[in-house]
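Engineer: Supplied in structure tokens, the structure appears directly below.
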Amino acid sequence: MAPAMTSSPTHERLLIIDFGSQVTQLIARRVRESGVYCEVVPYDKADAALDPAPRAVILSGGPESAHLEGSPRAPERLFAMGIPVLGICYGEMTLCHQLGGKVEGGHDREFGRAEIARVKQSPLFEGLGDREQVWMSHGDKITAIPPGFEVVATSEGSPFAAIADEARRFYGIQFHAEVAHTPHGAAMLKNFTHRIAGFTSDWTMANFRREMVARIREQVGDGRVICGLSGGVDSSVAAVLIHEAIGEQLTCVFVDTGLMRLNEADQVVTLFRDHYNIPLIHVDAGSQFLGQLAGVSDPETKRKTIGRVFVEIFDREAAKIEGARFLAQGTLYPDVIESIGGKSHVIKSHHNVGGLPEHMKLKLVEPLRDLFKDEVRALGVELGLPPAFVGRHPFPGPGLGIRIPGEVTPEAVAILQKADAIYLEEIRAAGLYDAIWQAFAVLLPVRSVGVMGDGRTYDKVCALRAVTSTDGMTADFYEFPWAVLARTATRIINEVRGINRVVYDVTSKPPGTIEWE
């Protein structure tokens, strides 16, 4: 396959060099939120990414010890390029180590909330207080700073909590400014990007839409494009954007697995055929998927089965589209970051588990590959997609197949669809839907003895999950008003035959764990 379209050179660019922190993407999100375009690159590929020169560079945190031989380093030539550099946590430590300071291990660790006290004025802290709450996460300690640097702020455990070489515009902070636990961290990052580096906030969805339409037309020419449409936000926004660019040259293929939420397939078909008049092939393949899943209980086997069947059907339908030369995908920037160094071409738009057959020989069109999820939603609004559609909670590619632990049967799917629909209906009725990042029901592989009326029942247990998050990387359970949970549970038990007990999951998701599904 030919490479997909690359990032636009028309924006001012900030480069984030990643040393392996779990929250590097949060740095990028905070920077983008202030209207600055940025890219993330692993430290071992950073040297090449310095051409053409970015306007500024941020060095991320990481798990290594900067003073040990063989630990990750920033490219040496970075410090001679005359551009602003900000080191965060490990980034500050390698900045010090590489420029002549000293970092040591074996000192008291500093994790969690801390307070820094500013001891010197600096544009990095312009508009902030003399004392600020921050989030520390380090086991090593800077014991000497490089020549030319001065201390800007200290904490109880870090005499060099913030340092600066104002002449060279080099800065280091020992804490994580990108996380929510540093309340004014976003302001610190904006001070670096705007006051120090001189960015002008040219990263807007209106500009992105205009530029991407032109780039799609240039890439595709008079060719035909196939888009694997799942009905999710990513593939839907990609399809509408590409249709705006090339019109009837786009054909969407919607493989209905029968594992979607209640009535969702009909909503997708109505939106794209009737509202947008986009050529759409709708393949009702629910019976085929359920047939292949019969007797399968292992979750990874289910994923791979769903992916394999999807690819087989998509391949068959794509072969019918004469002159198709391009495949459109709703690949997002987090997918690009994770796959740097060995990207496997996957039909991401629906399942994330199957490879694209080599004989298809299609070139990729990935118009969203520069965007994070919240930016995709903003682009969807810019394109005129219905707000209720753009704001829908994330839904996994394998669909309800992985929300039914154990064997997936037609009966189990029907039960879960009804329970899930009631749950979401009650959340919307209570005005809570937009306050929750993701909510869904799971049909547990256990049965419960209960009494309904004058008779005993032996039916399934339904678990409800709802989490809050700003980025999908970390999440905490949503604290429902008791009345909403009680009403939801009562409705599910009364209206969904096959369920006699409802429980609420209060699990949280710390950084680095698997994504919520």
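Engineer: Can you give the extra length, in nm with one decimal, that the chain gains between R217 and A294 once fully stretched, where that is 0.36 nm per residue apart less the Cα-Cα distance?
Structural biologist: Gain on stretching R217 to A294: 23.3 nm.
Engineer: Okay, next question. Hey, with R₀ at 51 Å, roughly what FRET efficiency would K102 and E425 work out to, going by the Cβ-Cβ distance, to 0.05?
Structural biologist: After rounding, the FRET efficiency stands at 0.25.
Engineer: Taking 30 Å as R0, compute the FRET efficiency from the Cβ-Cβ separation of V503 and N277 and round it to 0.05.
Structural biologist: Between V503 and N277 the formula returns 0.10.
Engineer: Using a 1.4 Å probe on the protein heavy atoms, what percent of the accessible area of segment 201-256 belongs to carbon and sulfur? Write down the numbers at each step before the final one.
Structural biologist: On the way: 810 of 1690 Å².
So the carbon and sulfur contribution to the accessible surface is 48 percent.
Engineer: Continuing with the same structure: M212 accessible area, nearest 10 Å², 1.4 Å probe?
Structural biologist: Counting only protein heavy atoms, M212 exposes about 0 Å² to solvent.
Engineer: Right, next: For the chain, what is the relative contact order in percent, using Cα pairs closer than 8 Å and at least 6 residues apart in sequence?
Structural biologist: 11 percent
Engineer: If you project the alpha carbons of the chain onto the principal axes, what extent comes out on each, in Å, largest first?
Structural biologist: 76, 64, 40
Engineer: Can you quote the Å³ per residue value for the convex hull of the Cα atoms in segment 17-62, rounded to an integer?
Structural biologist: Details: hull volume 2.8 nm³, N = 46.
Each residue corresponds to 60 Å³ of Cα convex hull volume.
Engineer: Sorting Y43, Y333, Y478 by accessible area (1.4 Å probe), largest first, what list results?
Structural biologist: Y43, Y478, Y333
Engineer: Another question about this same structure. Taking all pairs of different Cα atoms in segment 147-303, averaging 1/r and flipping that mean, what Kirkwood radius in angstroms comes out? Before the final figure, lay out the partial values.
Structural biologist: Details: mean 1/r = 0.0481 Å⁻¹.
Final number for the Kirkwood radius of segment 147-303 is 20.8 Å.
Engineer: With a sphere of radius 13 Å drawn around the Cβ of A74, what net charge do the other residues whose Cβ falls strictly inside it have (Lys, Arg +1; Asp, Glu -1)? Walk me through the intermediate numbers first.
Structural biologist: Values: positive: K45, R73, R77; negative: D18, D44, D47, E64, E76, E92.
Charge balance in the 13 Å sphere: -3.
Engineer: Using only the Cα atoms of segment 118-166, what are the Rg and Dmax in Å?
Structural biologist: Cα radius of gyration and Dmax of segment 118-166 are 11.0, 30 Å respectively.
Engineer: Here is a follow-up. Hey, can you grab everything whose amide H is under 5 Å from the amide H of C89? Only 5+ residues off in sequence or another chain; H modelled, so Pro and N-termini drop out.
Structural biologist: I173, Q174, F175
Engineer: For the chain, give me the percentage of DSSP beta bridges that are antiparallel, rounded to the nearest 5 percent.
Structural biologist: Just about 50 percent of them are antiparallel.
Engineer: Something else now. If you build the convex hull over the alpha carbons only and average its shadow over all orientations, what do you get for segment 192-258? Give it in nm² to one decimal.
Structural biologist: The number I arrive at for segment 192-258 is 6.4 nm².
Engineer: Right, here's the next one. Between A53 and A319, what is 0.36 nm times their sequence separation minus the Cα-Cα distance? Round to one decimal in nm. Display every interim value, and only then the final one.
Structural biologist: On the way: separation 266, 0.36 × 266 = 95.76 nm, distance 4.33 nm.
Stretched out fully, the A53 to A319 stretch lengthens by 91.4 nm.
Engineer: If you roll a 1.4 Å probe over the heavy atoms of the protein chains, what accessible area per residue do you get for the chain, in Å²?
Structural biologist: That works out to 42 Å² for each residue.
Engineer: Oh, and also: Please give me the summed charge of the neighbours of V268: other residues whose Cβ is under 14 Å from its Cβ, Lys and Arg +1, Asp and Glu -1.
Structural biologist: -3
Engineer: From the phi angles alone, apply the Karplus equation (6.51, -1.76, 1.60; θ = phi - 60°) to segment 235-242 and give each ³J(HN,Hα) in whole Hz, x where the residue is Gly or Pro.
Structural biologist: 5, 5, 5, 4, 5, 5, 5, 5
Engineer: Report the label-to-label distance for F477 and A414 in nanometres (one decimal), using points 7 Å from each Cα along the Cα→Cβ vector.
Structural biologist: My value for the distance between the label points is 3.2 nm.
Engineer: Next question, about the same structure. Can you list the residues, at least 5 places off or on another chain, whose amide H is less than 5 Å from the amide H of G258, using H built in the peptide plane?
Structural biologist: A285, G286
Engineer: Next question. Tell me what the chain gives for mean residue ellipticity at 222 nm when only DSSP H runs of n ≥ 4 count, each as -39,500 (n - 2.57), the sum divided by the residue total, rounded to 500 deg cm²/dmol.
Structural biologist: Taken over the chain, the calculation gives -8500 deg cm²/dmol.
Engineer: Further, regarding this structure: Can you tell me the orientation of helix 299-318 relative to the chain, as the angle in degrees between its alpha-carbon axis and the longest Cα principal axis, to the nearest 10?
Structural biologist: 80 degrees
Engineer: Note down the net charge around V503, summing +1 for each Lys or Arg and -1 for each Asp or Glu among other residues with Cβ under 14 Å from its Cβ.
Structural biologist: On the way: positive: R447, K460, R465, R501; negative: D459, D505.
Local net charge: +2.
Engineer: Rounded, prolate or oblate: which one fits segment 54-141, using the alpha carbon gyration tensor with axes a ≥ b ≥ c (rounded when a/c is under 1.5, else prolate when a/b beats b/c, else oblate)?
Structural biologist: Taking the square roots of the gyration eigenvalues as a ≥ b ≥ c, segment 54-141 is oblate.
Engineer: I need the phi-derived Karplus couplings for segment 91-101: 6.51 cos²θ - 1.76 cosθ + 1.60, θ = phi - 60°, integer Hz, Gly and Pro marked x.
Structural biologist: Result, ordered by residue: x, 5, 5, 6, 4, 5, 4, 6, 9, x, x Hz.
Engineer: Step through the residues of segment 182-197 one at a time and calculate ³J(HN,Hα) from phi using the Karplus curve (6.51 cos²θ - 1.76 cosθ + 1.60, θ = phi - 60°), rounding each to whole Hz and writing x for Gly and Pro.
Structural biologist: For segment 182-197, the Karplus-derived couplings read 9, x, 10, x, 4, 5, 5, 5, 5, 4, 5, 6, 9, 6, 8, 8 Hz, x marking Gly and Pro.
Engineer: Related question: Counting only residues 5 or more places away or on other chains, whose amide H sits under 5 Å from the amide H of V152 once H atoms are built in the peptide plane?
Structural biologist: For V152, the qualifying residues are A162, I163, A164.
The values are calculated or read from the model by the stated rules, or taken from the named source; none is laboratory data. Because the structure is predicted, anything quoted here is derived from the model rather than measured. Cβ atoms come from the backbone with ideal geometry, glycine included; neighbour counts cover every protein chain shown. SASA here: full protein model, heavy atoms, side chains in, ligands and nucleic acids out. Shrake-Rupley method; radii C 1.70, N 1.55, O 1.52, S 1.80 Å.
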